[in-house]
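Here it is: the structure, laid out below.
The values are calculated or read from the model by the stated rules, or taken from the named source; none is laboratory data. All of these numbers come straight from a predicted model, not from anything done at the bench. Cβ placement follows ideal geometry from the backbone for every residue including glycine, while neighbour counts extend to all protein chains displayed. Only protein heavy atoms, including side chains, enter the accessible area calculation; ligands, DNA and RNA are left aside. Shrake-Rupley method; radii C 1.70, N 1.55, O 1.52, S 1.80 Å.
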Amino acid sequence: MLNTRQNRAAPKQFKICTSIMNSSNNDTDIQPNQPPLHEHAPPQQLTDTTNEPMKNYDGSQMRDGNSQLVYKSQFLSTHPLRSDCKERVGYGGKKFTYVSGDGVIRTMNAIFGHGGWSSQILNEKVIQSEKDDRGRWYVGYLATVRVTLLNGASHDDCGSGEGINDSKIKAHEKALKSAVTDAMKRAARHFGERLGNASLWG
């Protein structure tokens, strides 16, 4: 399992971490009917499609158990860390695992560097704004966000968010933030599995 926290060797055949990418109730969920999170998926051989080595947090180059460099494309092909994931109860009472917004940002910074990527809100729209039967404001937003790397590569995607509060302003704030974060996460996942692009168990 790759480790970006310490300059510690990892097996050449990277063990896929059993965690997966909260700001919204519409996060990209990991599907149910999967083994417990403490188990590992079968290891897979990963190949590099870039010449950009990963770096540990101390600035040293990341290497595997055979002292071979680990490249960004290889790192992106692994699943997220459990510490970057959260769980929530979905439809039918089933639990879903998803990568948090904070987890996506940490991973993007670890791979591409601070200042090596950016996000842009392309569109945001209120789709619902009314009071519920308890007199609270219920607000829903849709948003489209583009995530762009320093080399010009980019991906767009949409997201949704909702907010409920006695204050109309607070409800709108919560819903908009949730929608933007959801859209950012969905756009980032196109760069690789590490950012939540796949179910843990296929």
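Being more than 17 Å from HIS114 (Cα to Cα) and assigned to a loop (DSSP other than H, G, I, E, B) is the filter; apply it to the range 46-64 and report the residue that is modelled with the highest pLDDT.
Applying the filter and picking the extreme gives MET62.
Quick one: which residue in SER67, SER77 is surrounded by fewer than 18 Cβ atoms within 10 Å (Cβ to Cβ) and modelled with pLDDT of 80 or more?
It is SER67.
Exactly one of these conditions fails for THR107: (1) closer than 28 Å to SER167 by Cα; (2) of a type outside the set (Gly, Ala, Ser); (3) at pLDDT 90 or above. Give me its number.
Of (1) closer than 28 Å to SER167 by Cα; (2) of a type outside the set (Gly, Ala, Ser); (3) at pLDDT 90 or above, only one is false for THR107: (1).
Also, quick follow-up: Given the conditions (1) modelled with pLDDT under 90; (2) over 21 Å from the mean Cα position of the chain (by Cα), and given that ASP133 satisfies all but one, which numbered condition is not satisfied?
With respect to (1) modelled with pLDDT under 90; (2) over 21 Å from the mean Cα position of the chain (by Cα), ASP133 is out only on (1).
Which condition number in (1) modelled with pLDDT under 95; (2) open to solvent by 20 Å² or more (accessible area, probe 1.4 Å); (3) not aromatic (Phe, Trp, Tyr) is the one that GLY196 fails?
(2) is the only condition that GLY196 fails.
Only one of these is touching a strand residue (DSSP E or B) at 6+ places or on another chain (Cβ under 6 Å), of a type in the set (Phe, Trp, Tyr) and open to solvent by 20 Å² or more (accessible area, probe 1.4 Å): TYR91, TYR138. Name it.
TYR138
Tell me which residues, restricted to the range 141-152, are among the small types (Gly, Ala, Ser) and surrounded by 15 or more Cβ atoms within 10 Å (Cβ to Cβ).
Correct list: ALA143 only.
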